[in-house]
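Asker: Please read through the structure below; I'll follow up with questions.
The values are calculated or read from the model by the stated rules, or taken from the named source; none is laboratory data. All values reported here derive from a predicted model rather than from experimental measurement. Cβ: placed from backbone, ideal geometry, glycine included. Neighbour counts: every protein chain shown.
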Amino acid sequence: MLLGALTTLVVASGAPPLNTLPVIMALAGFFVGGTSPSRDMLVRSATPPGASGKVYGFVYSGLDLGSALTPLSSAGCSTAASRGWSSWCRRCSWS
């Protein structure tokens, strides 16, 4: 997961040439995708017998909801920061 985050930061820095971006993003996807089996095993070990479908549905619904809401909250924080609404940004970042 850390390697995926680092390769994504390399892309965000704007330093790599455009022709290398597909390779770097493929590496980031590979590194982040490597965490899925371990996450699935953790969920499976914590699931009561016979309830794995419900638990997986709950876990992955939460992941999807978080993936959908995070860009919206990040955009709100970015907008607030650009307009000088620092108190709203502090509340948004929970600090």
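Asker: Among the residues in segment 74-95, are any exposed (fewer than 10 other Cβ atoms within 10 Å of the Cβ) and modelled with pLDDT of 80 or more?
Answerer: No: zero hits.
Asker: Right, something else. Kindly indicate the residue of segment 59-73 that is loosely packed, with under 10 Cβ neighbours inside 10 Å and of a type in the set (A, V, I, L, M) and also farthest from VAL43 (Cα to Cα) among those meeting that condition.
Answerer: This residue is LEU72.
Asker: Would you be able to tell me the number of residues in segment 43-67 that are in a helix (DSSP H, G or I) and either over 27 Å from LEU3 (Cβ atoms) or not hydrophobic (A, V, I, L, M, F, W, C) (or both)? Steps first, answer last, please.
Answerer: Restricting attention to segment 43-67, the residues satisfying the condition of being in a helix (DSSP H, G or I) are 43-46, 52-67.
From what is left, the residues that are either over 27 Å from LEU3 (Cβ atoms) or not hydrophobic (A, V, I, L, M, F, W, C) (or both) are 44-45, 52-58, 60-62, 64, 66-67.
Residues meeting the conditions: 15.
Asker: Residues being in a loop (DSSP other than H, G, I, E, B) and hydrophobic (A, V, I, L, M, F, W, C): count how many of those fall in segment 1-22.
Answerer: Initially, segment 1-22 is screened for residues in a loop (DSSP other than H, G, I, E, B), giving 1, 14-17.
So of that shortlist, the ones also hydrophobic (A, V, I, L, M, F, W, C) come out as 1, 15.
Number of matching residues: 2.
Asker: Do we have ASP40 as charged (D, E, K, R), modelled with pLDDT of 85 or more, out of contact with any strand residue (DSSP E or B) (no Cβ under 9 Å at 6 or more places or on another chain) and assigned to a helix (DSSP H, G or I) here?
Answerer: no
Asker: Checking ALA46 against (1) under 18 Å from LEU63 (Cα atoms); (2) surrounded by 13 or more Cβ atoms within 10 Å (Cβ to Cβ); (3) more than 14 Å from the chain's Cα centre (by Cα), which single condition isn't satisfied?
Answerer: Here ALA46 clears every test but (2).
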